[in-house]
């Protein structure tokens, strides 16, 4: 995570290089782990149980490519801002503006999804305790406002707390798996649907399931946001990110196993809190409490990280005048991008209060997907403009351009997966980005200082 | 000579903020508001449902009960709901053109801006 006071004046202050591979791992898993607690199961709804598992592993391959590519570019463009800074130096200002919007939209929608889940979870628990019909909206509003306030006041303590509650949420998944394996469930694991109804939508269902398969890992690329604060980027970034992905693949597979064994796939495919529901089915009150706390912790930690990351991306664009410079202000006392934090609150609320969970998740996934597509040609352009040997790279990923090509193919398949059932949202989102791009190029760009958009100590790019 | 951007007035900044807000909420929320967002599963409930008729074995029946569905009738709609994946090729082509067109538009316009950035950063003759 970036230190705002430092990023506001990079010439005077450098970020402290204190992070090792374990911190990079914790950063990635911390934001993403909520994907095991909600959202991934819609992939089962779109394709069935087998499709959900295949989507989990194929998405793991997609994110492995993302991590390989991002590790090379970020360890070289070691500037706060991650992909936004990369786009400014490699493709151009308009691409950077779009990448900034991808980040803001993906994280703000994820924040809204987290708030929805907390409201839904409390409603479920209230119903179990005999108080059905709980009004979820006050809890959704309270969650977003409380976390925005925390971020407004400063993030160090809240992000440190994030790591602790993420570890708890991860341990809860392991405990649930082991408990079920050792007979803590009153209801047996049942995988008969795997043989009786393996692919209810045929092979098309496997492609369709890829849409929500991304949710298992969405945001892991955020590890590279910490490039400036890592002691040895060449070692720590690829190692920490890949270790994070392996952790998530294992956690995702365990989650699939427990949930698919305890919950009928038809219910699982539309469940709001699948891991908590799995605990309910066991009939074990200790597991129910554990997974209730795990779900609250995972969603809170994720929402907190999302507000942090989205507001910093918005702030960076304001500072560069890609957006009104009013957003580029730092709070004089708390040293936080307070205007950006406040501005994004109503957007998160509008979606959290007015849109179904699967639609909100789809908006987040789509923004992430557009960002991964950008990474493919960004990597090719990076090697073309500065071939190996012309600049010092922190890390060189092997087999170029194979990872970029695989990523492009998987992105194309995922666009098709989103199109199957959610095509309107895809077109609406593209319309938004096209109109915003035209607005930026023909109006907003006049306020941008040209020379300030390239700050790396590199030679002139080849072909320019 | 380095490009000097104009100073934007406060009113101009507010207008830009409003434009962004309207764009964001409008483009993303309007399909939901107008009911154009798809993906709703369509239930096809059967008459006089039983767990056996719905294809649920004994273990699954216990699972449904634990989830708050005591009988087959209460789970009838969820079990029989399915997505409809039939699609028109025209719609698919429109999507492909939109995605590819979007990236071409952004990369081409970015390149135009990028050349200005590089010229200002390194000089027109490229000797810096």
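Before moving on, here are some points about what is shown:
- Under Stokes-Einstein, with the Kirkwood radius over Cα pairs as Rh, the value for region A:92-249 at 25 °C and 0.890 mPa s is 123 µm²/s.
- Ranked list, fewest to most other Cβ atoms within 10 Å of each Cβ, for A:152, B:3, A:433: B:3, A:152, A:433
- Per-residue Cβ neighbour rank within 10 angstrom, fewest leading, A:84, A:201, B:85: B:85, A:201, A:84
- The label point for residue A:145 and the one for residue A:126, both projected 7 Å from the Cα toward the Cβ, are 1.6 nm apart.
- Neighbour counts of other Cβ atoms within 10 Å put A:439, A:203 in the fewest-to-most order A:203, A:439.
- Modelled label positions at residue A:329 and residue B:65, each set 7 Å beyond Cα in the direction of Cβ, lie 6.2 nm from each other.
- Inter-chain Cβ neighbour count for A:441-449, averaged per residue, equals 5 (cutoff 10 Å, partner chain atoms only).
- FRET E, pair residue B:97, residue A:182, Förster distance 60 Å, beta-carbon r, rounded to 0.05: 0.65
- Note on A:362-372: average number of Cβ atoms from other chains within 10 Å of each residue's Cβ is 1.
- Shielding value for B:5-12 is 3, the average number of Cβ atoms from other chains within 10 Å of each residue's Cβ.
- Cα radius of gyration and Dmax for the protein assembly as shown (Å): 23.8, 83
- When the alpha carbon gyration tensor of region B:87-128 is reduced to an equivalent ellipsoid, the three semi-axes, largest first, read 38, 6, 5 Å.
- Across region A:432-464, the residues whose backbone nitrogen lies under 20 Å from the label position 7 Å along the beta-carbon direction of residue B:9 are A:443-448.
- Relative contact order (percent, whole number), chain A, Cα cutoff 8 Å, 6+ residue spacing: 33 percent
- Paramagnetic reach from residue A:57 in region A:228-247 [backbone N under 18 Å; point 7 Å along Cα→Cβ]: A:245-247
- Label point of residue A:449 set 7 angstrom out along Cα-Cβ; within region B:89-128, amide nitrogens under 13 Å from it belong to B:121.
- Full-stretch length increase - residue B:108, residue B:90 - with 0.36 nm per residue and alpha-carbon distance subtracted: 3.9 nm
- Convex hull volume of region A:55-117 per residue (C-alpha atoms, cubic angstrom): 102 Å³
- Distance between modelled label sites at residue A:203 and residue A:270, nm, 7 Å Cα→Cβ extension: 2.9 nm
- In the distance distribution for chain B, Cα-Cα pairs more than 26 Å apart total 62 percent.
- A protection proxy built from the mean count of other Cβ atoms within 10 Å ranks the segments A:190-199, A:66-75, A:103-112, A:257-266, most packed first, as A:103-112, A:66-75, A:257-266, A:190-199.
- Förster-model FRET efficiency, 51 Å R0, residue B:82 and residue A:383, C-beta, rounded to 0.05: 0.65
- Applying 1/(1 + (r/R0)^6) with R0 = 30 Å to the Cβ-Cβ distance of residue A:194 and residue A:22 gives a FRET efficiency near 0.25.
No value in this document is a laboratory result; all are computed from the given coordinates. Here the structure is a predicted model, which is why all the values come from computation and not from measurement. Virtual Cβ from ideal backbone geometry, glycine too; neighbours counted across all protein chains shown.
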